[in-house]
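The block underneath contains the structure these notes are about, expressed in structure tokens.
The values are calculated or read from the model by the stated rules, or taken from the named source; none is laboratory data. Quick caveat, the model's predicted, so the values are computed rather than measured. Cβ atoms come from the backbone with ideal geometry, glycine included; neighbour counts cover every protein chain shown. Heavy atoms of the whole protein, side chains included, go into the accessibility calculation; ligands, DNA and RNA do not. Shrake-Rupley method; radii C 1.70, N 1.55, O 1.52, S 1.80 Å.
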Amino acid sequence: MNENYDAFAVAISTIFGAVIIGGLMAAAIAFGERDAFFFALGAATAAWIAGYAIFFDRPRTFMVLVALAMLMSIGATIILAF
């Protein structure tokens, strides 16, 4: 395993939190879906905090936060789809 955790934390916070979920938040605003926006906002927050979990060497917390972010992103996507 690579010991450079800082690079992984920055990649997760930037790519997952900002680009992917930011696009999901923009779609929720464009379609006027308040619930989808709040799910996407929660996913972005969980992904952002997951970056700090790597800084503080908390792998289980990291996995839980990433799973939470994924579930919230899926929830926002389902709300937008239906």
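Here the dipole of the chain is about 120 debye; that uses its Cα centre as origin and unit charges on the Cβ of Lys and Arg (positive) and Asp and Glu (negative).
Among GLY32, GLY51, GLY17, the residue with the largest mean-square fluctuation in a Gaussian network model of the chain, with springs joining Cα atoms closer than 10 Å, is GLY32. When its C-alpha radius of gyration is set against 2.2 N^0.38 Å (N residues), the chain gives a value of 1.13. Counting only alpha carbon atoms, the long axis of helix 34-55 and the longest principal axis of the chain meet at about 0°. Taking all protein chains as shown and a probe of 1.4 angstrom, THR77 keeps an accessible surface of around 70 Å².
Note on PHE39: accessible area is roughly 80 Å² with a 1.4 Å probe, heavy atoms of protein only. With contacts taken as Cα pairs under 8 Å at a separation of at least 6 residues, the chain carries a relative contact order of 36 percent. Each residue was assigned an accessible area with a 1.4 Å probe, and for PHE37 the value is about 50 Å².
Report the local net charge at ILE79: Lys and Arg +1, Asp and Glu -1, summed over other residues whose C-beta lies under 10 Å from its C-beta. Provide the component values of the computation, followed by the final result.
Numbers: positive: ARG34; negative: GLU33, ASP35.
So the environment of ILE79 carries a net charge of -1.
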